[in-house]
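Student: First the structure, then my questions, so here it is.
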Amino acid sequence: MMKSPFTIRWPMLLACAVSCFALATPTFAIWPFSGKKDKVAPMANEREMQESAAAAMLAEARLAHNAGRTGKAQDLYQAIVKKYPFTQSGAEASFQNALIVRHVGKMDAAFDALQAFITSYQDSPRFSEAVEKQFEIAEEAKGGKKQSGLLLIPMKLNTSDVIGFYEQIIKNAPFGKFAPLSQFSIAEIQQDMKEKDKAVAAYQKVVENYPNTSQAAEAQFRIGSISNIAAQRSEDASNLLAARDALRTYIAANPGGDRKQETEMILRQVNTAEANQSLNVAKFYQRTGKTPAAAIYLNEALKYGSPEVSAEARTMLAELAAADPDGVANAKKTPGQDYTALTAQNLKSRPEYVGPLAPELTRLTQKPKMRTGDDGFMPIPLQEPTLPLRPGITAPGAGSLLPPVPEMEKPALLPVPPAPLVPPAPASGTLPVPPPPSAVKPAS
């Protein structure tokens, strides 16, 4: 069977027609924020026509809105967004539609309507206002009441949905003024739900991500307060450590903060609780006869304790020192642990006590201070001054290192032999005394 020429050329003619239609149609670009491929941005000449038509519809919608015809206004706003999504009037219509949903609809629907505007029109001057409206919705949802005019209408919303509101606000404007407020509200919700670990982690995000805000200071205090409450309910020492670190950080970062007195009071409670724990551990080691371990924990009790705990710890430490002095002496300081030196309770009653040092001795025990300026200090002279000599003493010669020697003490050059001993003459009327045997010469 022979095919007709039209049948043979039909595919070629169809391809040619499609190509010509594509060339005659203006170029389109996909709208990046819509997420829908069927929405494309028009060319410049077509956009001008759309802006004019959208502005006329927006004026009609505003008249209806001001007249109280909310339903008709909302229909017009939605029509503008659907037909002219790339115009400035389309952005305004999307925002006004979200406001209507905010007052007449549910909270989640209003939040989603504002989110649709934020997603599609991020460069709109209404962006910050839309984020603020979202935060207002989240705050009302957190409180469980919706504001309608001058009335507060009770409402119920899942806690996870409320947290989702705040998390979305942080994503929309992570560096805006509502980001730290939203993160702090998330932590408050988890604190109200008694979820200690999640609340502490959420407050810690406020401190880390927004350190220069007032919410960061309050979050630091909340971390210490929550950890202190957890420590009172359990025997976990890590809660005491976390509470003390958080409270000390708050005082260091906010020396004049509004929570300073309350922070110091809680910090004393934390130290007392930790001292009591150390005291109980020390008593256990004392009963088991492990003196070094008991001494270490007693010193920890002295470091963190209240006056009552410190007094008991000092008494026990003195008893240990009296019963086992070597054991207390062997309680060496471990890395990262402070050790308090043992002090006598009644120092003045001890026999070796001699009282405080005299002022002169006190000055001698002080370390010498370095000179910081000209205080009249004279340098060592380059020439030694002439010193006075005593009479009868000759000065040493030049270059001599010997001290001067008096003339009378100088030895003679040659020894003088002693004179012979002559016996004295006998007195008259007495018998002569014979010479000693050594002096008698033998007869020749």
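Student: Once amide H atoms are built 1.01 Å from N in the peptide plane, which residues 5 or more positions from residue 41, or in another chain, come under 5 Å H to H?
Tutor: Amide H to amide H, under 5 Å and 5 or more residues apart or across chains, residue 41 pairs with 29, 30, 31.
Student: Provide the net charge surrounding residue 164, with neighbours chosen by a C-beta distance below 13 Å and charges set as Lys +1, Arg +1, Asp -1, Glu -1.
Tutor: Numbers: positive: 142, 171; negative: 108, 112, 161, 167.
With Lys, Arg at +1 and Asp, Glu at -1, the net is -2.
Student: A further question follows. Once you place label points 7 Å from the Cα toward the Cβ at residue 188 and residue 306, how far apart are they in nm?
Tutor: Here the answer is 3.2 nm between the modelled labels.
Student: Then there's this: Applying 1/(1 + (r/R0)^6) with R0 = 51 Å to the Cβ-Cβ distance of residue 55 and residue 233, what FRET efficiency is obtained, to the nearest 0.05? Show your work: numbers first, answer last.
Tutor: Details: r = 64 Å, r/R0 = 1.25.
E between residue 55 and residue 233, to the nearest 0.05, is 0.20.
Student: Taking 0.36 nm per residue of separation and subtracting the Cα-Cα distance, what length does fully extending residue 66 through residue 175 add? Working shown, then result.
Tutor: Details: separation 109, 0.36 × 109 = 39.24 nm, distance 3.52 nm.
Once the chain is fully extended between residue 66 and residue 175, it gains 35.7 nm.
Student: Determine the alpha carbon to alpha carbon distance for each of 82/205; 83/177; 142/196; 72/171; 196/260 and list only those over 28 Å. Walk me through the numbers before you get to the answer.
Tutor: Details: 82/205 40 Å; 83/177 34 Å; 142/196 19 Å; 72/171 33 Å; 196/260 23 Å.
Listed pairs above 28 Å: 82/205; 83/177; 72/171.
Every number in this text was worked out from the coordinates using simple rules, so none of it is lab data. Quick caveat: nothing in here was measured; it's all calculated off a predicted structure. All Cβ positions, glycine included, derive from the backbone under ideal geometry; neighbour counts span all protein chains shown.
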